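The values are calculated or read from the model by the stated rules, or taken from the named source; none is laboratory data. Values in this document were obtained by computation on a predicted structure and should not be read as measured data. All Cβ positions, glycine included, derive from the backbone under ideal geometry; neighbour counts span all protein chains shown. Quick note on the areas: whole protein, heavy atoms, side chains included, nothing else; ligands and nucleic acids left out. Shrake-Rupley method; radii C 1.70, N 1.55, O 1.52, S 1.80 Å.
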Amino acid sequence: MAAPIDVASIRMQTFLQLPLAQRCREIATLIDESSTTDLQHVFPVLVDSLFGVTDNIGWGLHSINLKRRQHEYEVLCHFLGPQGPIFSLCYKLLPDCYLKYKFPLSYLPSKIRLMLEDGIVPPFYSDKIRVDQNTRLPSALFMNPFEYYIFHFAYHLTNPWLQVQQEDNVWVNWETIYVQLAHTYLYHFLPRDNSPVLPIIGPYVKTPPRKLMQSPDSKRLQTPRLLKTSILSPGPISPTVGVPQQQCLPQVWRSETIVQVFLDFWLEYTEEEELPPYHATCFPGTTPRRHSIHSGEHIRLVRGFIKTLHEFANSATGDTSAMDELKRVIVPSVQGKIYIFLRKAIHHWPLDSSFRLILEAWLSFIQPWRYIPGVAYSSIGKIQEEERGKITDETRWLSFVANNLLAYTAIFQQLLPRFMRTDLVAPKNALMLFRVTKVLAQPKLARMLFEIESCMDDARLSRGKVSTNQWSATVRQQIIELEGPTYQYVPMFSPATVTQIVWFLSTIKQSHLTATSLVDALEKRRIGRRLLVMIWEFFNGEDHTSDDIRLEERRRVPGFLANAQQQLMDIFQIKFDDIPQVAIVADQEYHDSILSTSVCNQSHMDTSLDTSRPGVYLQIQERRQSCRYIEFMGDPELQPVRTHENAFLVRLLFQLCNHINTKYQLQLQTAYDRPDIVGRFMRRVLQPPTVVKHLPKRTFNGFSSSEETHIPPRLSLRIVASHRFLVPMFLGIIILWIFGYGVVTTLFSIFCVWLLYNLSLAALEPWIGTRSHHVRPEALGYLH
């Protein structure tokens, strides 16, 4: 007879092979029915399977989202929620203070791992580290069930194996269950309404850490934990107002764990190494290297983390509880690491529109006044929303600005060269510049920055006089800790920076003139077009330029640039006459390059009626402006939905045709090959056979071999989903309905006319010639 522990393990292994919804349901039942002794052994198996620790697959937390897999999304939200079965399992195992689970050091962020290997143990890890008695080196971390789950959850975002295997577009696939769970954990364990963290658990007693050998400089280099040990340690402390101190202690260590682990894993910026990320996959047993450009999912989580920290810190009430103490120290404890992460991310980020992700994270960090819990909203207008982003009490935020001066001034000066190299005529880039200047142009913020910089002894600025020197030591200590003693700080309001701003204003002015002339030219071209072109645009969508930018978006660019220019002049007190006016004219070359896309648009319009060519015209920048036809090389039935098609009908008709083609494949093939009138008719109705070639792709074991897929003759009704078919058909139905014909009668008549037309052509084909099938020349097949 098998032992109960073996039975629970066997049941867990069986449940992990079930579909996701049934898997979660059966595991939840197992957690409720099993004893603590049985669950001790199945817990690490469940965590390993959930996060793909061993198989590098996991349960798909980075791919499941609400739109595509709603049922699985909702099931995981309940199962992995803060009060769901997975946390019930953690709390069920937590009372045993000697129950520890091993977390490998190789999973830790590189900086934390190197510190531990050098004998420098941050206080947060002091009760978790275990040292090999033979080598006297740290071997692994041992932690309680709650910490074990949270460590693996945070590592799941930065796991390099999962990043290599990421198939979906990381820039658009960010509304995943992982993102939802991360936000849920932050909101639950960092309450902003001063409520206790549920469920309220009994005091958790941590085992005393072993004494470690440390270097002489370890005390100086240790990373402090968020709260003092005296606050976290249970003892004869008098209860505070509201929640007793004994109840606050369990809440605080869980909240501190969430913040510290997310901070260490998510806000460590990994420098890209010389070898490419895939290079390490060529050698078995090695770990792939991480990119220095994080995914969109990662950056959005960082921004959500920053916003939650601000809201949590701003909800402090001023009492003496441990939770309120955590709220007071949380931002000062993490702000340095946030600054370093943002600074390095901005340095490595490419010059494209995705930069707005990291830019919005920076703007969220430097605006803590936007995240005050309890702000009332009304439907009267946008007045309260505008007030939400403004500084109402200057004295409340002066300390934050002073302690994070580099986050305002150094990063702003880091952004200037980037914006000067960026195409500001592009709507997304113009919007990013406007967002930055709008935030820094707040009158009280600019005044605070100038006042703090004036406190520095070597900031010999000509405006105003130094009123106080209270922030000088704070700023200098901040510079030494974050940038090092050799860093040369350049004040934001120094003459050198102002001169750079003046030249940047001339660049903005030129971009403004170019954007204005471009909008005027596009408007004139739009008005002067022929009626046929306007009808074509009505059916196929609004006119686009080469970078798929709508005219409506380009109309907003001059306003963004004009406001950004005025806001920069207000920040630095620059007069319009100070801006050099020499040779500030519109960029005619850029202007002409955008307008030249009319050739591509016209070519695209002329060939859009030919559905046998499933492609688009794109502008190619070579020795001269030219257009090249880019064709979809896969299965023509699987090409993306076009702008002149109804997406719902395309998918519906594809499912219908796919069912017919699968069920009657043999009959369709036989009829297509017949030499008589039936065969000629079927060859006019069905799509011809096609060969799809799958090109070799890179995998973990090298390159896959090329394959060919033979697609037999098949029925395709995709043309019915085209606007060019639907609009005339509906117009015909309406006209015939006016004359007394019903809808069914009209549709039947149209079908009969179509059938008679094709039968006639099939019968006359021996005399008039064969129809030109929609195939490529020389039947080369489709490449995919």
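Things to note:
- Pairs where the first residue, in the stretch 126-143, is within 21 Å of GLN260 (Cβ to Cβ) and in a strand (DSSP E or B) and the second is acidic (Asp, Glu) and open to solvent by 80 Å² or more (accessible area, probe 1.4 Å), C-beta under 7 Å, 6+ apart: PRO138/GLU117
- Among (1) within 23 Å of the chain's Cα centre (by Cα); (2) surrounded by 19 or more Cβ atoms within 10 Å (Cβ to Cβ); (3) more than 16 Å from CYS24 (Cα to Cα), the one test that LYS67 misses: (2)
- Residues of the stretch 746-761 satisfying the condition of being modelled with pLDDT of 85 or more and either among the β-branched types (Val, Ile, Thr) or touching a Gly at 6+ places or on another chain (Cβ under 6 Å) (or both): VAL753
- Residues located in the stretch 182-204, provided they are buried (at least 19 other Cβ atoms within 10 Å of the Cβ) and in a helix (DSSP H, G or I): ALA182, TYR185, LEU186, PHE189
- Inside the stretch 707-744, residues that are farther than 27 Å from GLY679 by Cβ, in contact with a strand residue (DSSP E or B) (Cβ under 6 Å, 6 or more places away or on another chain) and open to solvent by 50 Å² or more (accessible area, probe 1.4 Å) make up a count of 1.
- Residue pairs whose Cβ atoms lie under 7 Å apart, sitting 6 or more positions apart in sequence or on different chains, and linking a residue in the stretch 56-70 that is on the phi < 0 side of the Ramachandran plot to a partner that is part of a loop (DSSP other than H, G, I, E, B) and among the charged types (D, E, K, R), are SER63/ASP168; ASN65/GLU175; LEU66/GLU175.
- Residues satisfying the stated conditions in the stretch 429-461, i.e. surrounded by 18 or more Cβ atoms within 10 Å (Cβ to Cβ), more than 29 Å from ILE480 (Cβ to Cβ) and not aliphatic (A, V, I, L, M): ASN429, PHE434, THR437
- Failed item, numbered, when ARG698 is tested on (1) open to solvent by 50 Å² or more (accessible area, probe 1.4 Å); (2) modelled with pLDDT under 85; (3) among the charged types (D, E, K, R); (4) over 30 Å from LEU162 (Cβ atoms): (4)
- If you go through the stretch 127-155 and pick out every residue that is open to solvent by 40 Å² or more (accessible area, probe 1.4 Å) and under 34 Å from the mean Cα position of the chain (by Cα), you end up with 1.
- Among the residues of this structure, VAL7 counts as one that is among the hydrophobic types (A, V, I, L, M, F, W, C) and either open to solvent by 30 Å² or more (accessible area, probe 1.4 Å) or over 23 Å from GLU175 (Cα atoms) (or both).
- When the stretch 277-323 is filtered for residues that are within 30 Å of ARG370 (Cβ to Cβ) and at pLDDT below 60, only SER292 remains.
- When we screen LYS102, LYS67, LYS92 for residues that are touching a strand residue (DSSP E or B) at 6+ places or on another chain (Cβ under 7 Å) and not hydrophobic (A, V, I, L, M, F, W, C), the only hit is LYS102.
- Of all residues in the stretch 72-97, those satisfying the criterion of being among the hydroxyl-bearing types (Ser, Thr, Tyr) and either closer than 14 Å to ILE31 by Cα or touching a Pro at 6+ places or on another chain (Cβ under 8 Å) (or both) are SER88, TYR91.
- Any chance LEU80 is over 28 Å from ASP132 (Cβ atoms), of a type in the set (A, V, I, L, M, F, W, C) and open to solvent by 10 Å² or more (accessible area, probe 1.4 Å): no
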